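Here is the structure we will look at, set down as structure tokens.
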Amino acid sequence: MKRRTLLRYIAAAIPGLYLTNAANASLLHHILDNPNTGSPKGSFQPTWESLKNYQTPEWFRDAKFGMWAHWGPQCQPEAGDWYARHMYMEGSGQYKFHLAKYGHPSKFGFKDVINTWKAEKWDPQAIVDLYHRTGAKYFMALANHHDNLDLYDSSFQKNWNSTKIGPKKDIVKGWADAARKRGLHFGVSVHAAHTWSWLETSQRSDKLGPLAGVPYDGKLTKADGKGQWWEGLDPQELYAQNHALGKDSLDDGAIHRQWNWGNGVSIPDQKYIEKFYKRTIELIDKYGPDMVYFDDSQLPLWPISDAGLKIASHFYNKSIKEKGSLQAVITGKILDVEQRKAMVWDIERGQSNAIEPLPWQTDTCIGDWHYNREVYNQNRYKTPQSVIHTLIDVVSKNGNLMLNIPLRGDGTMDEIEAKIVEEIGQWMRENGESIYKTRPWKIFGEGPAQQAAAALTAQGFNEGKGKPFSVEDVRFATKGDVLFATVLSVPQQGSVLIKSLAENSPHYKQKINKVELVATGASLRFSRTPEGLKVFFPENSKLPSFAVPIKIS
């Protein structure tokens, strides 16, 4: 078959892709040039051009569902996301919370919060066992956040890591051992590249009140620790604030438009960059993850440094050397078409509105990323149905879902969260055949919800903004010769109509011989007309909660 014919065939199978669109054509040529079998010959170099030879390993494409423990010292206050930054923002909710719980941030800063974090009830095996029962095929552990505390035995953050301060435990090792015992692929998430600018709020002081003008603790040095619990430690090794503020640093929202190290952000010095590079290489070499999640636009510190490129090439080459083929996964955000060839595109709290030609991932959480007592008290968690719907929709578009369940500072899960996880697991045990090891069909689905879907903003953030799924919404996936059609609501009537499978459908020209309920394997009566495939459910039949997958052959 000629190349042009092959390209047209691939494009026809993926709606929304047209060879006249230069970006899509580039992706299609990449797919043709790099079939997803084996690994590239030779080694990767720390350049985008070299990294474009990456191919997503089959284990990741087959897994579809992973769980994430986005858990660290910012969970200890139980006051929600980005606590270590917001506690230094005068007048913010977390600043007021901090005053009431701990005192003024000039006297009790985030380093002191870390010291109160003991993780005294943390049982990594029990949590990973639960996630394994829930159906997760990979597990992600937070290795460090923007607060800059390494949650592992770190030689290059030797005084400010979880084995020396706070819990005095190797958190990453605990998670890794538990995941491997259950046969789960293990990943680590790395966020610390941004501490330099993210924690600039710790350099501020109050503008109002009795302590107006008294600096917060962000500029403290080793010399200031005499007689303190942290005597002998240098807070600057943690806070990294011995530098001038960036442009618009006093604008609390500026950090978002400066995430790509532009728009007037303060540029880190070489010492900071080198330290981040060494910390991350050690993390990869010591704990041997299968996957690294970077909370960065593209790769860490790009484009001001090639540190991220060097980390990526090292990780890929290590995988090839140790496993005989490329089995490593790196995720990054806000990737252009070319960068998506070099790594897996991650969408935070959102999903694509089309079948993506290359595998991707959405990461989301049932509440705040860091534990928030208010979310628990008000029961504002995502429902199990919402999570299952997201998973089904993402899988139909060639993606994976990685889900975080926020843990309390002591390492435990609250009872509402535990019930949500158990209900997700119940659905996955009954219906996982329609999820695992599947691939996208010719179209991802049908129904009114997609017509009202919200566009992506920045790194994602379009979840929950569209129309709720109904019984008219169906998502498709394939496995070999089998087609799965999942109805995204439990039918209250005795039948459903799947319009895309109508008689003489251009999408499904074969004869339909059998329709089964995935959850039980029961054969279902059906009729195929020019209006669609009508599937009938026996009266009083027990259908799965949340969504109903049907197997068609």
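Annotation: the residues 150, 481, 112, 217, sorted from fewest to most other C-beta atoms within 10 Å of their own C-beta, follow the order 481, 112, 217, 150.
On the beta carbon distance between residue 43 and residue 285, with R0 = 25 Å, the FRET formula returns roughly 0.95. Using R₀ = 35 Å, calculate the FRET efficiency as 1/(1 + (r/R₀)^6) where r is the Cβ-Cβ separation of residue 470 and residue 429; round to 0.05. That pair, residue 470 with residue 429, gives E of 0.90. Across the range 70-95, the residues whose backbone nitrogen lies under 18 Å from the label position 7 Å along the beta-carbon direction of residue 416 are 75-81. Legend: ranking of residues 256, 145, 191 from fewest to most surrounding C-beta atoms inside 10 Å; resulting order 256, 191, 145.
Extension gain for the segment residue 245 to residue 512, taken as residue separation times 0.36 nm less the Cα-Cα distance, is 89.6 nm to one decimal.
Taking a point 7 Å from the Cα of residue 523 along the Cα-to-Cβ direction, the residues of the range 485-517 with backbone N closer than 15 Å to it are 512-517. The label-point distance for residue 278 and residue 96, in a model that sets each label 7 Å from Cα toward Cβ, rounds to 4.4 nm. Dividing the summed helix terms, -39500 (n - 2.57) for each DSSP H run of n ≥ 4, by the number of residues in the chain produces a 222 nm estimate of -8000 deg cm²/dmol to the nearest 500. Based on alpha carbons, the Rg and Dmax found for the range 445-552 are 14.9, 47 Å. Treating r as the C-beta distance of residue 540 and residue 263 and R0 as 56 Å, the FRET efficiency rounds to 0.35.
Centroid-to-centroid, using Cα positions, the range 133-196 and the range 464-522 are 40 Å apart. What the phi angles of the range 124-133 give under the Karplus curve with 6.51, -1.76 and 1.60, with θ = phi - 60°, is a coupling list of x, 5, 5, 5, 5, 4, 4, 5, 5, 5 Hz, glycine and proline written as x. Of the peptides 373-383, 229-239, 315-325, the order by per-residue mean of other Cβ atoms within 10 Å, starting with the highest, comes out as 229-239, 315-325, 373-383.
A cut-off under 11 angstrom between Cβ atoms defines the neighbours of residue 70, and their net charge, with Lys, Arg +1 and Asp, Glu -1, is -4. Multiplying the residue separation of residue 304 and residue 181 by 0.36 nm and subtracting their alpha-carbon distance yields 40.3 nm.
Considering the options 364, 487, 389, tell which one lies farthest towards the positive end of the dipole of the chain, charges being +1 on Lys and Arg and -1 on Asp and Glu at the Cβ, about the Cα centre. Going by the charge dipole, the pick is 487. From most to least packed by mean Cβ count within 10 Å, the peptides 385-392, 335-342 give 385-392, 335-342.
Straightening the chain between residue 490 and residue 229 buys 88.2 nm, computed as 0.36 nm per residue apart minus the Cα-Cα spacing. Along the range 169-182 the Karplus relation, 6.51 cos²θ - 1.76 cosθ + 1.60 evaluated at θ = phi - 60°, assigns HN-Hα couplings of 9, 7, 5, 4, 4, x, 5, 4, 4, 5, 5, 5, 4, 9 Hz to successive residues, with x for each Gly and Pro. Bridges between two residues of the chain, per DSSP, are antiparallel at a rate of about 45%.
Amide H contacts under 5 Å for residue 348: 363, 460, 461, restricted to partners 5 or more places along the chain or on a different chain, H placed in the peptide plane at 1.01 Å from N.
Given the C-alpha centroids of the range 294-358 and the range 53-76, what is the distance between them in whole angstrom? One Cα centre to the other: 12 Å. Less than 5 angstrom separates the built amide H of residue 405 from those of 68, 70, all sequence-distant by 5 or more or on a different chain. Per-residue packing, averaged as other Cβ atoms within 10 Å, sorts the ranges 508-515, 403-410, 69-76 into the order 69-76, 403-410, 508-515, beginning with the highest. Here the simple spin-label model places points 7 Å from the Cα toward Cβ, and for residue 221 and residue 59 these points are separated by 4.7 nm. Normalising the average separation of contacting C-alpha pairs (under 8 angstrom, six or more residues apart) by the number of residues puts the relative contact order of the chain at 16 percent. The alpha carbon centroids of the range 381-427 and the range 234-258 are separated by 34 Å. In nm, give the distance between the simple-model label positions of residue 338 and residue 503, each being 7 Å from the Cα along the Cα-to-Cβ direction. About 5.3 nm, to one decimal.
Read the figures in this text as sums done on the coordinates, not as results from a lab. In this text, all values refer to a predicted model and were calculated from it rather than measured experimentally. Counting neighbours? That spans all protein chains shown, and the Cβs are built from the backbone with ideal geometry, glycine included.
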